[in-house]
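*Asks:* Let me begin by handing over the structure; questions about it come next.
Every number in this text was worked out from the coordinates using simple rules, so none of it is lab data. Everything quoted here is computed from the prediction, not taken from an experiment. Methodologically, a virtual Cβ is constructed for each residue, glycine included, from the backbone with ideal geometry; neighbour enumeration extends over all protein chains shown.
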Amino acid sequence: MLSPDKLKRVQSIAKKTAEFCGVELVKADYVKQGARNILDIIISKEGGISTDDCEKFSKGISKKLDEIDIIKEPYFLEVSSPGISDCEQFPELG
């Protein structure tokens, strides 16, 4: 698992990557699901997120995280947009 300081650094990188890609960072969290470590990132933008937006963001953050090598253990990167149920969690997006 990531220490709180490392998670804050990852969140900062995710926010900067989102700004560069023209999207908004909604959430960046590092979780364990079973045996898998997952960097779970949710992005949004006015008019909705396309698969191209997710791909651009994913490539950008992957490159930066590989450069700084902050996450030492194997992990999966999941980039998505908020769904209908997530908009209830994040009312500012609804």
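*Asks:* Under 7 Å between Cβ atoms, which residue pairs at least 6 apart in sequence (or on different chains) link something in segment 60-82 that is closer than 20 Å to Ser44 by Cα and touching a residue at least 24 places away in the same chain (Cβ under 8 Å) with a partner that is of a type in the set (Val, Ile, Thr) and in a loop (DSSP other than H, G, I, E, B)?
*Replies:* Ser81/Ile49
*Asks:* So which residues in segment 1-53 are basic (Lys, Arg) and either closer than 16 Å to Val79 by Cα or touching a residue at least 12 places away in the same chain (Cβ under 8 Å) (or both)?
*Replies:* Across segment 1-53, the qualifying residues are Lys6, Arg9, Lys15, Lys16, Lys27, Lys32, Arg36, Lys45.
*Asks:* I'm trying to understand the selection: among the residues of segment 29-50, which are surrounded by 10 or more Cβ atoms within 10 Å (Cβ to Cβ) and farther than 22 Å from Arg9 by Cα?
*Replies:* Lys45, Ile49, Ser50
*Asks:* State yes or no: is Ser58 surrounded by 12 or more Cβ atoms within 10 Å (Cβ to Cβ), of a type in the set (Ser, Thr, Tyr) and under 17 Å from Pro82 (Cα atoms)?
*Replies:* Spelling it out, Ser58 is indeed surrounded by 12 or more Cβ atoms within 10 Å (Cβ to Cβ), of a type in the set (Ser, Thr, Tyr) and under 17 Å from Pro82 (Cα atoms).
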